[in-house]
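Student: Okay, handing you the structure first.
The values are calculated or read from the model by the stated rules, or taken from the named source; none is laboratory data. All values derive from a computational prediction rather than experimental measurement. In this analysis, Cβ positions are derived from the backbone assuming ideal geometry, glycine residues included, and neighbour counts consider all displayed protein chains. For accessibility, only protein heavy atoms count, side chains too; no ligands or nucleic acids. Shrake-Rupley method; radii C 1.70, N 1.55, O 1.52, S 1.80 Å.
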Amino acid sequence: MRLLGRLLLCCACALCIVFPSVAQDKAEARTLVIGLMPYLSTRTLMANYQPVADALQQSLKQPVTLLTAPNFDVFVERVLNGDYDVALLAPHYARLAIKDYGYAPLLLHKAPIRGILVTGKDAPLKSFDELRGHNIAIVDRSALIVIAGALTLAENGLKENQDYRFIETVTHSSALHNAITGKARAALVSHSTLVLASTELQQNAQVWRDIATIPGQFYIAHNRLPPARQSAIKAALLAFEKTPEGQQFFEKTKHAGFREPTAEDFALLDRTLPETRKLLGKAVH
């Protein structure tokens, strides 16, 4: 009996050693879920970012799945609920997730996000005053380029809901289509959206001017991922940037590569948090 007891104790010790290793292997082998902000149509978004997923899957030795959401509010709510392991999203949403929900910043795109006013080629703008009494198509009122764009419009004498109205659409492409077809006088979208739009939209669109410039999109990681795993994901992204596939990705999307976030980025974004929380409303809890 004494011998049997010693054998059982040895087995128990062995299990204590093996089980954590097995659990760690399973954690690393489980699917890494990446959430993509729905700033383009789902088909375009998934096609554009599949090379990123492929590179991460190869480097991390685990399955990678790309997901998005039907609109900005649902996407941000899912981010704040922790539905994604890694999320690619606009900088003010990222700062909110980092500051209030424990996410860790990984990297951001080097190219700043340019908010541009676009019209149809057959109805170009000559001045801000020509927006009076009209609608401006956007994707979501809580988007940072819209927050910044509204400030620029105010600086040029136009007050929202008094001199003009924002109308929300499903995607930036939809906003462009509204401006081109005359459903709205103009569209306020990101410049990268126009670059990635269909040939038809590009041919019939005319950029009037830039009205906002903000930091690029952020990659953030949920705090359930151990720091070592976060570092591995960051390293894999940086390695991808140097590959032919990565260079092709950045050429196509015009994101210009990755960079580290700075204190200046966070200081700028912190000033937008009160308005961001207000506009997101119930999604922030």
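Student: Collect the residues in the stretch 152-200 that are under 19 Å from the mean Cα position of the chain (by Cα) and in contact (Cβ under 8 Å) with a residue 60 or more places away in the chain, keeping them in residue-number order.
Tutor: Passing the criteria: 170, 171, 172, 173, 188, 189, 190, 191, 192, 193, 194, 196.
Student: What do you reckon, is residue 225 open to solvent by less than 60 Å² (accessible area, probe 1.4 Å), modelled with pLDDT under 95, aliphatic (A, V, I, L, M) and out of contact with any Gly (no Cβ under 7 Å at 6 or more places or on another chain)?
Tutor: no
Student: The conditions are (1) touching a helix residue (DSSP H, G or I) at 6+ places or on another chain (Cβ under 9 Å); (2) more than 16 Å from residue 111 (Cα to Cα); (3) free of Cβ contacts under 8 Å to residues at least 60 places away in the same chain, and residue 220 fails exactly one of them. Which is it?
Tutor: Every condition holds for residue 220 apart from (3).
Student: Could you tell me how many of the residues in the stretch 170-199 are among the hydroxyl-bearing types (Ser, Thr, Tyr), surrounded by 17 or more Cβ atoms within 10 Å (Cβ to Cβ) and over 15 Å from residue 120 (Cβ atoms)?
Tutor: Residues that pass the stated criteria total 4.
Student: State the number of residues belonging to the stretch 260-285 that are open to solvent by less than 70 Å² (accessible area, probe 1.4 Å) and either in contact (Cβ under 8 Å) with a residue 40 or more places away in the chain or touching a Phe, Trp or Tyr at 6+ places or on another chain (Cβ under 8 Å) (or both).
Tutor: Looking only at that region, the number is 14.
Student: State all residues of the stretch 129-149 that are of a type in the set (Gly, Ala, Ser) and either out of contact with any helix residue (DSSP H, G or I) (no Cβ under 8 Å at 6 or more places or on another chain) or farther than 15 Å from residue 207 by Cα (or both); if no residue qualifies, say none.
Tutor: 133, 142, 143, 148, 149
Student: What residue, among those in the stretch 129-151 that are among the small types (Gly, Ala, Ser) and farther than 15 Å from residue 211 by Cβ, is nearest to the chain's Cα centre (by Cα)?
Tutor: 142
Student: How about the stretch 196-213: which of its residues are touching a helix residue (DSSP H, G or I) at 6+ places or on another chain (Cβ under 8 Å), of a type outside the set (S, T, N, Q) and either over 26 Å from residue 43 (Cβ atoms) or in a helix (DSSP H, G or I) (or both)?
Tutor: The answer is 196, 201, 210, 211, 212.
Student: With (1) closer than 22 Å to residue 201 by Cα; (2) under 16 Å from the mean Cα position of the chain (by Cα); (3) open to solvent by 20 Å² or more (accessible area, probe 1.4 Å) as the list, and residue 126 as the residue in question, which single condition is left unmet?
Tutor: (2)
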